[in-house]
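Participant: A single structure is presented below for examination.
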Amino acid sequence: MKHVIIGAGPAGVVAAETLRKGDAGAEIHLIGGEPEPPYSRMAIPYLLDGDIGEDGTYLRKTAGHYDNLSIKYSHGRVESVAAGDSALTLEGGDKVSYDRLLVASGARPMQLPVPGMDLAGVHNCWTLEDARSIAKLAQKDANVVLIGAGFIGCIILESLLKLAGNLSVVEMEERMVSRMMDDTAAGMLKRWCESKNVEVLTSSRVSAIEAASDGAGDKNVVLEDGRKINANLVVLAVGVAPNMEFLEGSGVATDDGILVDQHLATNVENIYAAGDVAQGPDFSTGGHMVHAIQPTAVEHGRIAALNMLGQSPAYKGSLIMNVLATAGLISSSFGKWEGVKGGDSSAATDEAAYKYLRLQFEDDRLIGALGIGMTEHVGVMRGLITNQTPLGAWKDKLMASPGRVMEAYVAHSQL
């Protein structure tokens with residue numbers, strides 16, 4: 001049996017290792033799209049901070065790890081997949097055959113459709129090569145403009161603030177991290193960043209990036225209202241898109257990502273998908289969503305590999321889960337953090353201490369939660385949601401005092 005995996009991120013690596021554990025004689029070929037050992041993008045901020053070296057981003061740090069497992073690892077970009085021939089074609093024309101194929105090709109950063117994106121000093125923060133370029137430019141006293149204050153942007157923000165002297169953030173939405181925070185939480189986060197001397201411009205759109213007239217390589221980020229912000233470095237974090245264009249003509253069904261069932265299988269026999277490219281089962285809604293977070297990618301990779309081995313474990317669905325640190329302030333959201341029609345909600349706010357907790361209920365079950373500055377409740381909230389715990393009388397107690405979630409969890413874990 002020959003297993004081919006497109007993508008060498010967490011989903012692909014875990015899948016390859018799971019396949020080897022389940023079949024000592026299988027041929028396993030892991031194809032990565034970058035000239036690096038398989039690494040974690042989530043480790044890039046730690047690299048920029050100087051907490052780790054490049055080898056600290058590697059998913060497996062033992063020398064010869066893949067060779068020792070008889071996993072062939074090669075670099076290449078996939079150009080097309082011919083499902084009828086059970087083969088894929090790489091850029092350059094090389095063909096690779098397979099018995100079973102896992103697409104774990106991840107996502108790529110989106111670009112702004114404005115002039116000036118090709119100027120020197122304009123970078124995404126997505127790859128190790130991006131990190132190298134940013135580290136050279138984000139020096140002390142440099143002017144840095146970060147475009148985008150979503151989840152990825154707010155992770156990068158912390159590193160840029162440590163590296164550079166002057167940081168401005170431009171976000172087109174009305175609030176920061178709009179997909180994981182309500183107005184109260186986002187407003188608190190914005191004030192926190194401003195207290196760290198970060199300029200945060202929400203409801204602001206970039207119309208162009210232009211070379212400054214000083215001849216020193218600086219740029220101006222031009223906003224739609226005409227304002228210009230000087231920058232030595234511009235970092236883009238305006239969203240990502242799944243890498244699945246090479247599947248055109250393959251017959252594999254796609255939507256926001258590659259559509260997969262509870263076994264991570266696509267509609268085409270012997271082709272599976274996992275990680276940031278997969279639109280898989282969603283725990284909270286029962287529908288299908290792309291959840292671009294590393295824990296989901298890892299579990300996708302494991303479940304997909306077991307199914308490729310002929311087993312049939314079902315994926316129960318991933319929970320929308322975001323935990324991030326922005327300039328030292330921890331925030332988190334889980335599940336249906338916006339609530340549901342007919343549901344109940346309770347909240348506790350301490351503006352001065354930058355603390356906020358909101359719980360969302362459906363009947364007597366916790367279905368969503370949003371927190372700022374309250375790290376001690378993260379695991380508990382997730383547990384209550386994923387276990388679908390009937391809270392009974394504890395729901396009324398949490399409605400009156402949301403901060404008692406630990407007590408509620410302990411009370412029900414002892415039943």
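The values are calculated or read from the model by the stated rules, or taken from the named source; none is laboratory data. Bear in mind that the values here come from a model prediction, so they are computed numbers and not experimental data. In this analysis, Cβ positions are derived from the backbone assuming ideal geometry, glycine residues included, and neighbour counts consider all displayed protein chains. To get the accessible areas, we keep the full protein, side chains included, count just its heavy atoms, and leave off ligands, DNA and RNA. Shrake-Rupley method; radii C 1.70, N 1.55, O 1.52, S 1.80 Å.
Participant: Do you know which of the residues in region 44-55 that are assigned to a helix (DSSP H, G or I) and surrounded by 12 or more Cβ atoms within 10 Å (Cβ to Cβ) is modelled with the lowest pLDDT? It would help to see each step written out before you state the result.
Facilitator: Keep residues of region 44-55 that are assigned to a helix (DSSP H, G or I), which gives 44-49, 54-55.
Still in the running and surrounded by 12 or more Cβ atoms within 10 Å (Cβ to Cβ): 44-49, 54.
Working: ILE44: 94, PRO45: 91, TYR46: 91, LEU47: 94, LEU48: 92, ASP49: 88, GLU54: 96.
Selected residue: ASP49.
Participant: Taking interchain pairs and intrachain pairs at least six residues apart, which have beta carbon atoms under 6 angstrom, with the first residue in region 146-171 and of a type in the set (Phe, Trp, Tyr) and the second open to solvent by 10 Å² or more (accessible area, probe 1.4 Å)?
Facilitator: From region 146-171, the pairs are PHE151/ASN322.
Participant: With respect to LEU359, determine if the residue is touching an Asp or Glu at 6+ places or on another chain (Cβ under 9 Å) and of a type in the set (A, V, I, L, M). Explain how you work it out, then say what you get.
Facilitator: Details: touching an Asp or Glu at 6+ places or on another chain (Cβ under 9 Å): yes; of a type in the set (A, V, I, L, M): yes.
The answer is yes for LEU359.
Participant: Same structure again: Just the residues that are open to solvent by 50 Å² or more (accessible area, probe 1.4 Å) and touching a strand residue (DSSP E or B) at 6+ places or on another chain (Cβ under 9 Å), please, taken from region 271-289. Explain how you work it out, then say what you get.
Facilitator: Taking region 271-289 and keeping what is open to solvent by 50 Å² or more (accessible area, probe 1.4 Å), we get 283, 285-286, 288-289.
Within region 271-289, PHE283, HIS288, MET289 meet the criteria.
Participant: For region 290-300, which positions are surrounded by 23 or more Cβ atoms within 10 Å (Cβ to Cβ) and either free of Cβ contacts under 8 Å to residues at least 40 places away in the same chain or within 12 Å of LEU101 (Cα to Cα) (or both)?
Facilitator: As a first pass, look at region 290-300 and keep what is surrounded by 23 or more Cβ atoms within 10 Å (Cβ to Cβ): 291, 296-297, 300.
Those that are surrounded by 23 or more Cβ atoms within 10 Å (Cβ to Cβ) and either free of Cβ contacts under 8 Å to residues at least 40 places away in the same chain or within 12 Å of LEU101 (Cα to Cα) (or both): HIS291, THR296.
Participant: Oh, and also: For region 379-415, give me each residue that is closer than 20 Å to ASP282 by Cβ and among the β-branched types (Val, Ile, Thr). Outline the logic, then answer.
Facilitator: Residues of region 379-415 closer than 20 Å to ASP282 by Cβ: 381-389.
Selection gives ILE385, THR386, THR389.
Participant: Let me ask another. Report, by residue number, each residue of region 7-23 that is over 20 Å from PRO295 (Cα atoms) and crowded, with 18+ Cβ neighbours inside 10 Å.
Facilitator: ARG20
Participant: How many residues are among the polar types (S, T, N, Q), under 24 Å from ILE134 (Cβ atoms) and under 19 Å from the mean Cα position of the chain (by Cα) when one looks only at region 148-189?
Facilitator: Filtering region 148-189 for residues among the polar types (S, T, N, Q) gives 159, 166, 168, 178, 184.
Restricting the remaining residues to those that are under 24 Å from ILE134 (Cβ atoms) gives 159, 166, 168.
From the residues that got through so far, the ones that are under 19 Å from the mean Cα position of the chain (by Cα) too are 159.
So the count comes out to 1.
Participant: Can you report the number of residues in region 59-71 which are closer than 19 Å to GLY106 by Cα and either aliphatic (A, V, I, L, M) or open to solvent by less than 50 Å² (accessible area, probe 1.4 Å) (or both)? Walk me through how you get there before you give the answer.
Facilitator: As a first pass, look at region 59-71 and keep what is closer than 19 Å to GLY106 by Cα: 59-60.
Remaining after also requiring either aliphatic (A, V, I, L, M) or open to solvent by less than 50 Å² (accessible area, probe 1.4 Å) (or both): 59.
Final tally of qualifying residues: 1.
Participant: When you check SER40 against the structure, is it touching a residue at least 60 places away in the same chain (Cβ under 8 Å) and either open to solvent by 60 Å² or more (accessible area, probe 1.4 Å) or over 18 Å from the mean Cα position of the chain (by Cα) (or both), yes or no? Let's see the steps before the verdict.
Facilitator: Details: touching a residue at least 60 places away in the same chain (Cβ under 8 Å): yes; either open to solvent by 60 Å² or more (accessible area, probe 1.4 Å) or over 18 Å from the mean Cα position of the chain (by Cα) (or both): no.
So SER40 fails the test.
Participant: Could I ask something else about it? With a cut-off of at least 1 residues that are among the acidic types (Asp, Glu) and closer than 17 Å to GLY7 by Cβ, name the strands (runs of 3 or more DSSP E) lying wholly within region 56-99. Please lay out each step first, then the result.
Facilitator: Working: elements: 71-75, 78-82, 87-90, 95-97.
So the answer is 78-82.
Participant: Select, from ALA83, ALA26, the only residue that is open to solvent by less than 80 Å² (accessible area, probe 1.4 Å) and either touching a helix residue (DSSP H, G or I) at 6+ places or on another chain (Cβ under 7 Å) or among the acidic types (Asp, Glu) (or both). Give the derivation first.
Facilitator: Values: ALA83 fails: either touching a helix residue (DSSP H, G or I) at 6+ places or on another chain (Cβ under 7 Å) or among the acidic types (Asp, Glu) (or both).
None of the others qualify; the one that does is ALA26.
Participant: Considering region 120-130 alone, what residues qualify as being open to solvent by less than 30 Å² (accessible area, probe 1.4 Å), farther than 16 Å from MET42 by Cβ and either part of a strand (DSSP E or B) or free of Cβ contacts under 8 Å to residues at least 60 places away in the same chain (or both)?
Facilitator: The answer is VAL122, and nothing else.
Participant: Here's another thing I want to ask about it. For residues that are among the polar types (S, T, N, Q) and within 25 Å of ASP183 (Cα to Cα), scanning just region 362-412, find the one that is least open to solvent (accessible area, probe 1.4 Å).
Facilitator: Step one: list which residues in region 362-412 are among the polar types (S, T, N, Q), which gives 375, 386-389, 401.
Within this subset, residues satisfying the condition of being within 25 Å of ASP183 (Cα to Cα) are 375, 401.
Values: THR375: 76, SER401: 45 Å².
Per the criteria, the residue is SER401.
Participant: Further question on the same structure: Taking the residues in region 192-216 that are in contact (Cβ under 8 Å) with a residue 40 or more places away in the chain and more than 22 Å from LEU112 (Cβ to Cβ) as candidates, determine which candidate is surrounded by the fewest Cβ atoms within 10 Å (Cβ to Cβ). If you could, list the steps in order and put the result at the bottom.
Facilitator: Taking region 192-216 as the starting set, the residues that turn out to be in contact (Cβ under 8 Å) with a residue 40 or more places away in the chain are 192-193, 196, 198, 200, 202, 206-211.
Subset that is more than 22 Å from LEU112 (Cβ to Cβ): 192, 196.
Working: TRP192: 20, LYS196: 14.
Ranking the candidates gives LYS196 first.
Participant: Would you please list the contacts, defined by Cβ atoms under 8 Å and residues six or more apart or on different chains, that run from a residue in region 94-119 that is touching a residue at least 12 places away in the same chain (Cβ under 8 Å) and of a type in the set (Gly, Ala, Ser) to a residue that is open to solvent by 30 Å² or more (accessible area, probe 1.4 Å) and outside any loop (DSSP other than H, G, I, E, B)?
Facilitator: SER97/LYS2; SER97/ASP85; GLY106/ASP276; ALA107/VAL240; ALA107/ASP276; GLY116/GLU210; GLY116/ALA211
Participant: So, LEU359, is that one surrounded by 23 or more Cβ atoms within 10 Å (Cβ to Cβ), farther than 21 Å from ILE293 by Cβ and of a type outside the set (S, T, N, Q) or not? Break it down into steps so the answer makes sense when it comes.
Facilitator: On the way: surrounded by 23 or more Cβ atoms within 10 Å (Cβ to Cβ): yes; farther than 21 Å from ILE293 by Cβ: yes; of a type outside the set (S, T, N, Q): yes.
Yes: the conditions hold for LEU359.
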